[in-house]
Amino acid sequence: MIYILSKKKSTVRVKNITAMLNIKPSSVVEFLNKLSRKCLAHYIKHEVIKLTRDGLEIAEKNLQETYSFKRILNTCTKPT
């Protein structure tokens, strides 16, 4: 979500993620702290959220895999 939001907006904050996913801010903060501990995101309370270089690489790879999977599903479910 951080990656997708950052492509749409210049800044990403907790409130943007909570609105997009319809979850509590505390859940977002918990996840951001985990990403931060793994050096995948820069998160400081009340500040802008940014992915690290490693976080960006993982997000881009996951997004590409998701699109590839969706293309495969669409091909398999098309009527013949």
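Since every read-out is calculated from the coordinates, none of them should be taken as a lab result. This is a predicted model, so every value here is computed, not measured. Reconstructed Cβ throughout: ideal geometry from the backbone, glycine too, with neighbour counts over all protein chains shown.
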Within the set T11, T66, T52, GNM on the chain using Cα springs under 10 Å gives the largest fluctuation to T66
So if we plug the beta-carbon distance of K24 and L63 into 1/(1 + (r/R0)^6) with R0 = 25 Å, what FRET efficiency do we get, rounded to 0.05? 0.50
Amide H of H42 versus every other amide H placed in the peptide plane: which residues, excluding those fewer than 5 positions away on the same chain, fall under 5 Å? K50, L51, T52
Among M20, T75, H42, flag the residue with its Cα farthest along the positive direction of the charge dipole of the stretch 2-77, charges on Cβ as +1 for Lys/Arg and -1 for Asp/Glu. M20
